[in-house]
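See structure below.
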Amino acid sequence: MSDTSSGVRRNGRPDIADHLIESLNAARCKRWEETTANLDFTHSSRKCWGLIRRLGAAQQPAKLSRPIVSPNAVATHLVHVAKSPLVKGHERQVRNEWRQYCKLKISGETKDIPEPFQLSELESELKNVKSGTAADYDNILPEFLKHMGPKAKLWLTSFFICALQEKTTPQAWRQAKIIAIPKPGKDHSMAANYRPISLLSVCFKCLERLLLRRIKPTLELTPTP
């Protein structure tokens, strides 16, 4: 379009060229105002951040330098500091109590078997799910769950019931995506100067909230030793 305005100027009609440029600028300004006015970070921020990323791509981003510490070094350090002393007596006690509970459940003598989850419980917990957080390995964002339809919510409720009854969860839910954030003012050549952030599955965290709702009354009634 700039070639068109230049050609009009060369033909001796600068007034038309100036009017053409002003019209184009006005159209661009109007389009920009409409785009920014429709941005909404409250319900879903994906569209907003997508626009911001496209605007940033028009510039020349600074090349990121290669990290001084390798991911394996940070992982090794985290594994080393995360090891807690093993108390064999406590582990044996928990294992025995769990076996006893399973025996009572098979014989039908236990009365504290959780009832299946209800769709209303899931819908209540989904309202408390925080939007705008990152996804885990399953690539499921919080917005996906919050905006599910009735059939998807019913399927997820049934899936949570199966996990409760079979006492197992998918392998992907037992993994966490670890992101190492360098601590400010520290020597970043040392693996100990990185703060880990664990990204867990949003579905698994929702199941945890449902289970907490069920066992919280029992925990509050249990006397502290």
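Each reported figure results from applying straightforward, stated rules to the coordinates on display, with no laboratory input. Only a predicted model underlies this, so the values are computations on that prediction, with no experimental measurement involved. Using ideal geometry, Cβ is built from the backbone for each residue, glycine included, and neighbour counts are taken over all protein chains shown.
Brief remarks follow.
- Length released on extending from residue 209 to residue 127, taking residue separation times 0.36 nm less the Cα-Cα span: 28.3 nm
- Projected label points at residue 91 and residue 72, each 7 Å from Cα along the beta carbon direction, are separated by 2.8 nanometres.
- Linear extension gain, residue 175 paired with residue 102, 0.36 nm per residue minus alpha-carbon span: 23.6 nm
- Stokes-Einstein diffusion coefficient of region 71-221, Kirkwood radius over Cα pairs, 20 °C, 1.002 mPa s, in µm²/s: 115
- Stretch gain in nm, segment residue 137-residue 27, where the contour uses 0.36 nm per residue and the Cα spacing is subtracted: 35.3 nm
- Taken one residue at a time, the phi angles of region 122-130 give Karplus couplings (6.51, -1.76, 1.60, θ = phi - 60°) of 4, 4, 5, 6, 5, 5, 8, 5, 7 Hz. Gly and Pro are set to x.
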